[in-house]
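This structure is in structure tokens; I'll ask about it shortly.
The values are calculated or read from the model by the stated rules, or taken from the named source; none is laboratory data. A quick note: this is a predicted structure, and the numbers were derived from the prediction, not measured. Don't worry about glycine lacking a Cβ; one is built from the backbone with ideal geometry, like all the others, and counts go over all protein chains shown.
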Amino acid sequence: RTVVALGAFAWQAMLPVIADAGWLVPRPRPAFGHAAQVTFPARDGGSDLRMYGCYHVSPRNTNTGRLTTAMLHDLLREAARSAGLSPTG
């Protein structure tokens, strides 16, 4: 299982959702950053969950070059591989 959080707001919003759904969220809470990743172990011994951080695809981030097409594609390919999917392109 893999999640991509688009932006710091989504990253922070996902942490309590992940905890409520049965995964262990480390303390201190993992920090957001582009290509940041954290693996949350399941409390019941089930499957781990991995979350990737990605700068939001807003005009501000894309027009200033903070997030490039290559950065987004690289991160999505990595997340797809993590999820057991075959990324293309």
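Considering segment 48-66 alone, what residues qualify as being under 15 Å from T2 (Cβ atoms) and either at pLDDT below 95 or in contact with a helix residue (DSSP H, G or I) (Cβ under 9 Å, 6 or more places away or on another chain) (or both)?
Initially, segment 48-66 is screened for residues under 15 Å from T2 (Cβ atoms), giving 48-54.
Once the filter is applied, which keeps residues that are under 15 Å from T2 (Cβ atoms) and either at pLDDT below 95 or in contact with a helix residue (DSSP H, G or I) (Cβ under 9 Å, 6 or more places away or on another chain) (or both), segment 48-66 yields L49, R50, M51, Y52, G53, C54.
Follow-up question, since we're still on this one. Would you mind finding the one in L67, L49, L72, L15 that is surrounded by 15 or more Cβ atoms within 10 Å (Cβ to Cβ), in contact (Cβ under 8 Å) with a residue 40 or more places away in the chain and hydrophobic (A, V, I, L, M, F, W, C)?
Values: L67 fails: in contact (Cβ under 8 Å) with a residue 40 or more places away in the chain; L72 fails: in contact (Cβ under 8 Å) with a residue 40 or more places away in the chain; L15 fails: in contact (Cβ under 8 Å) with a residue 40 or more places away in the chain.
Sole residue among the options that is surrounded by 15 or more Cβ atoms within 10 Å (Cβ to Cβ), in contact (Cβ under 8 Å) with a residue 40 or more places away in the chain and hydrophobic (A, V, I, L, M, F, W, C): L49.
Which of the residues belonging to segment 22-35 are in contact (Cβ under 8 Å) with a residue 24 or more places away in the chain and either closer than 21 Å to T62 by Cα or surrounded by fewer than 16 Cβ atoms within 10 Å (Cβ to Cβ) (or both)? I'd like the intermediate steps shown before the answer.
Looking only at segment 22-35, we keep the residues that are in contact (Cβ under 8 Å) with a residue 24 or more places away in the chain, and these are 22-23, 32, 34-35.
Answer for segment 22-35, where residues must be in contact (Cβ under 8 Å) with a residue 24 or more places away in the chain and either closer than 21 Å to T62 by Cα or surrounded by fewer than 16 Cβ atoms within 10 Å (Cβ to Cβ) (or both): G22, F32, H34, A35.
Please give the number of the condition S58 fails out of (1) surrounded by 11 or more Cβ atoms within 10 Å (Cβ to Cβ); (2) closer than 25 Å to T88 by Cβ; (3) among the polar types (S, T, N, Q).
Tallying (1) surrounded by 11 or more Cβ atoms within 10 Å (Cβ to Cβ); (2) closer than 25 Å to T88 by Cβ; (3) among the polar types (S, T, N, Q), S58 fails exactly one: (2).
Just the residues that are more than 11 Å from the chain's Cα centre (by Cα) and touching a residue at least 12 places away in the same chain (Cβ under 8 Å), please, taken from segment 36-46. Steps first, answer last, please.
If we filter segment 36-46 for residues that are more than 11 Å from the chain's Cα centre (by Cα), which is where we start, we get 40-46.
Passing the criteria: F40, P41, A42, R43, D44, G46.
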